[in-house]
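Taken together, the values in this text are just the output of simple stated rules run on the coordinates, not laboratory data. These numbers come from a predicted model, not from an experiment. Because the Cβ atoms are built from the backbone with ideal geometry, glycine has one as well, and the counts that use them run over all protein chains shown.
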Amino acid sequence: MMEMNFSFDVVKPERLLLHEEVDEGKVALFKERVREEGVRDPVVVDRRSLLVLDGAHRVKALSALNALVPVQLVDYFSDSVSLKFWYPKPRALPQGTPSTKRQVLAFLSSNRAVLGWKAGRRWYFLPSPYSALSSLFSLQKRLLKGAEFCARLEQGCVMRREFSKKEILRMAKKGILLPIKYTRHLVKGRVLGINMPLNALFSKKDALNFLKQRLEESEKRFYEESVWVLY
């Protein structure tokens, strides 16, 4: 069983560094949910840079409510945080250029390809007319509008350029945001179910007292197994 070593804080939303865009419709839904139910899970944040690894919509919703944000602090560059990516599954694949997997990966990493995918035994890529990331992301969003997402690269799913943790942090500091549902951070020892009411998030003292009491008095259950979540 994993040793419990939780590190929490409550911070102003403007101090947090986002790395992905948000859907304003989802922000509105989160805002209403927080009003009615409070915050179920803390936002996961790098303790040094305050980069948000998961919970951007909660951050925006709490900001709109002029509330503080409960965060679980983790070490982004440690082995306890794994960086993965989502693979969009568009309604229809574009007509691509045949290639090899090695070339597709090289073209994606140099912004010479917008998307890459495998169909049958062959690899394809869609050439990019842009070198600037902002233009590349805009084109991806147009091409992938209405797409579903896969946790693994399956038939019918496409690859986008994958970034390192350092690249993601550097882009976030420059204000370059990735499209929605781009990264997937897996955090060992992540805590779920703090169930913090909104009225506790207008004072740091009240929020920290609530968290302390919640951690001390609640029953805790650790899950080692991988799980499937149905949405």
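When region 99-141 is filtered for residues that are among the aromatic types (Phe, Trp, Tyr) and part of a helix (DSSP H, G or I), the ones remaining, listed by number, are PHE107, PHE137.
Given the condition part of a loop (DSSP other than H, G, I, E, B), of a type in the set (S, T, N, Q), under 28 Å from CYS157 (Cα atoms) and free of Cβ contacts under 8 Å to residues at least 40 places away in the same chain, answer yes or no: does some residue in region 66-83 qualify? Please lay out each step first, then the result.
So the first thing to find is which residues in region 66-83 are part of a loop (DSSP other than H, G, I, E, B), and the list is 66-68, 75-80.
With of a type in the set (S, T, N, Q) added as a condition, the list becomes 66, 78, 80.
Of the ones still in play, those that are also under 28 Å from CYS157 (Cα atoms) are 80.
Checking which are free of Cβ contacts under 8 Å to residues at least 40 places away in the same chain leaves us with none.
There is no residue in region 66-83 that is part of a loop (DSSP other than H, G, I, E, B), of a type in the set (S, T, N, Q), under 28 Å from CYS157 (Cα atoms) and free of Cβ contacts under 8 Å to residues at least 40 places away in the same chain.
When every residue of region 181-202 is checked against the conditions, at least one turns out to be of a type in the set (Ser, Thr, Tyr), within 23 Å of GLU14 (Cβ to Cβ), assigned to a strand (DSSP E or B) and in contact with a Phe, Trp or Tyr (Cβ under 7 Å, 6 or more places away or on another chain).
In region 111-130, the residues that are without any contact (Cβ under 8 Å) to a residue 60 or more places away in the chain reach residues that are among the charged types (D, E, K, R) and loosely packed, with under 14 Cβ neighbours inside 10 Å with C-beta atoms within less than 8 angstrom, at least six apart or across chains, in these pairs: LYS118/LYS101; TRP123/LYS101. Taking only region 113-132 into account, find how many residues are touching a helix residue (DSSP H, G or I) at 6+ places or on another chain (Cβ under 9 Å), surrounded by fewer than 16 Cβ atoms within 10 Å (Cβ to Cβ) and not aromatic (Phe, Trp, Tyr). Count: 2.
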